[in-house]
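Take a look at the structure below.
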Amino acid sequence: MPHPYVLLSAAVSLDGYLDDTGPDRLLLSGPADFDRVDEVRASVDAILVGAGTIRADNPRLLVNSAERRAARVAAGKPEYPLKVTVSGSGDLDPAANFWHTGGEKIVYTTEKGAARARAVGLAADVVPLGADLDWRRLLEHLHDVRGVRRLMVEGGGQIHTQLLRQGLADELQLVLAPLFVGDPDAPRLFGPGPYQGGRLRLVSTRPVGDVVLMRYEPTAPGSGPHASAADHHWLALACELAALCPPSDTAFSVGAVVVAADGTELARGHSREGDDPVVHAEEAALAKITPGDPRLASATVYSSLEPCARRASRPAPCARLILDAGVRRVVTAWREPDTFVAGADGSEVLVAEGATVVVLPEYEAVAKAPNRHLLG
Ligand SMILES: NC(=O)c1ccc[n+]([C@@H]2O[C@H](COP(=O)([O-])OP(=O)(O)OC[C@H]3O[C@@H](n4cnc5c(N)ncnc54)[C@H](OP(=O)(O)O)[C@@H]3O)[C@@H](O)[C@H]2O)c1
Ligand SMILES: [Zn+2]
């Protein structure tokens, strides 16, 4: 199910704290960075904070610049982004600024929390998501029901930690402020516990006044049937590789990337690459990895087209090569049509031997683009 693009935004002290323990909100950024945040807010469809941040900071979460609001309206958007909060308890103060400023508001909560939130008469749409709050369902609801395509998450720590841990963050915009908090009881940006994936990808750094803005992208593949935000990045790369294939009237153009569980790219390939006129993308990529590489067992193969189950050009189809390499997770954009091989179902072969195949249909159009002439 499609999700909005999820952008985590936070500021931390040099010693990694989000705030101090005093009653007032600690100002970590300066005016130039608050203006940058205003610009990001103006660019999104919705802004989300946890109930803890509403209780601690009583934020308004507005687009402050009149020009930016006017530009939103001129582009056919609401003047202010939708404001979203998350509360399990439903313990929300109906007098908080959050409810009385800006545009529409929505609270995602549990069945129990909804009863409490409705009882106090919050000026917001209250949406219960069952006994527990499931982040994937929340993101699907925002996407499908509220039309949110870009979501900015402004904390606090509990919210950022969950979205990053569950592989649901597309991007982290982290501001490092030149001061120390020095109080071990102060809230940290990311809590203790397991984090899947290894290093994030540093996309850019930029000084903004006296702070530094760092933009990171998570790289770790999802697990099993759950797609991570990084799965989207890697499948998009596979689709870009498909566009590099030498044209053919008798075979598909496909791109493939093999990625370890910690987000390390192990290899990439595309159809007919190098001097081999019949090589397939997955085959080309896997051939670049030492057989028995221990990272293969937990790796993911991204292929712009479902791996083949039968082929005329070589004895082993790609579904077989993937299984023999030890890989048990495949992410693809579209299922192979019967253009060249009738009833070829690589997904069936993979699933029959315990692999998981995830299809992200959002990429079908771009994966098909270099094959348009073959699809009639
Ligand atoms: N420096 C920055 O960039 C920045 C930004 C934002 C906030 N902050 C600081 O961060 C602190 C607040 O952070 P925080 O971690 O305490 O609070 P938070 O992340 O804003 O909110 C936590 C609350 O959200 C709800 N929640 C979170 N995950 C949930 C789930 N899976 N299911 C149901 N409800 C869920 C719960 O609400 P209920 O308790 O109602 O169930 C939980 O108590 C404040 O000190 C604030 O100043 C700093
Ligand atoms: Zn193949």
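When the residues of the stretch 143-155 are filtered to those that are over 13 Å from Pro2 (Cβ atoms) and at pLDDT 95 or above, which remaining residue is farthest from the chain's Cα centre (by Cα)?
Quick first cut of the stretch 143-155, residues over 13 Å from Pro2 (Cβ atoms) only: 152-155.
Subsequent filtering for residues that are at pLDDT 95 or above retains 152-154.
Numbers: Met152: 12, Val153: 12, Glu154: 16 Å.
Looking at the filtered set, the residue picked out is Glu154.
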Taking the stretch 1-22 and keeping residues more than 19 Å from Phe34 (Cα to Cα) and assigned to a strand (DSSP E or B) leaves Tyr5, Val6
Taking the stretch 167-185 and keeping only residues that are in a loop (DSSP other than H, G, I, E, B) and buried (at least 18 other Cβ atoms within 10 Å of the Cβ), one is left with Gly167, Leu168, Ala169, Asp170, Val181
Filter the stretch 125-136 for residues that are of a type outside the set (Phe, Trp, Tyr) and either within 11 Å of ligand 1 (Cβ to nearest atom) or touching an Asp or Glu at 6+ places or on another chain (Cβ under 8 Å) (or both); the one that is farthest from Ala261 (Cα to Cα) is Asp125
(1) outside any loop (DSSP other than H, G, I, E, B); (2) open to solvent by 20 Å² or more (accessible area, probe 1.4 Å); (3) under 18 Å from Ile106 (Cα atoms) all hold for Phe34 apart from (3)
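From the set of residues in the stretch 143-157 that are part of a loop (DSSP other than H, G, I, E, B) and surrounded by 20 or more Cβ atoms within 10 Å (Cβ to Cβ), which is farthest from ligand 1 (Cβ to nearest atom)? Walk me through how you get there before you give the answer.
From the stretch 143-157, those part of a loop (DSSP other than H, G, I, E, B) are 145-149, 154-156; that's our starting set.
Subset that is surrounded by 20 or more Cβ atoms within 10 Å (Cβ to Cβ): 148, 154-156.
Working: Val148: 18, Glu154: 5, Gly155: 2, Gly156: 2 Å.
Out of the qualifying residues, it is Val148.
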Margin query: Looking at the stretch 267-289, can you tell me whether even one residue there is closer than 27 Å to Ser223 by Cα, part of a loop (DSSP other than H, G, I, E, B) and among the hydrophobic types (A, V, I, L, M, F, W, C)?
Written below: yes
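Sort through Ala51, Ala10, Ala46, Ala42 and tell me the only one that's within 13 Å of ligand 1 (Cβ to nearest atom), among the aliphatic types (A, V, I, L, M) and in contact with a helix residue (DSSP H, G or I) (Cβ under 8 Å, 6 or more places away or on another chain). Write out each step before concluding.
Numbers: Ala51 fails: in contact with a helix residue (DSSP H, G or I) (Cβ under 8 Å, 6 or more places away or on another chain); Ala46 fails: within 13 Å of ligand 1 (Cβ to nearest atom); Ala42 fails: within 13 Å of ligand 1 (Cβ to nearest atom).
Only one candidate passes the filter, namely Ala10.
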Only one of Ala220, Ala227, Ala312 is open to solvent by 10 Å² or more (accessible area, probe 1.4 Å), on the phi < 0 side of the Ramachandran plot and touching a residue at least 60 places away in the same chain (Cβ under 8 Å), namely Ala227
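The values are calculated or read from the model by the stated rules, or taken from the named source; none is laboratory data. Note that the coordinates shown come from a computational prediction; the quantities given were computed from them, not determined experimentally. Quick reminder, even Gly has a Cβ in these numbers, built from the backbone with ideal geometry, and neighbours come from all protein chains shown. Heavy atoms of the whole protein, side chains included, go into the accessibility calculation; ligands, DNA and RNA do not. Shrake-Rupley method; radii C 1.70, N 1.55, O 1.52, S 1.80 Å.
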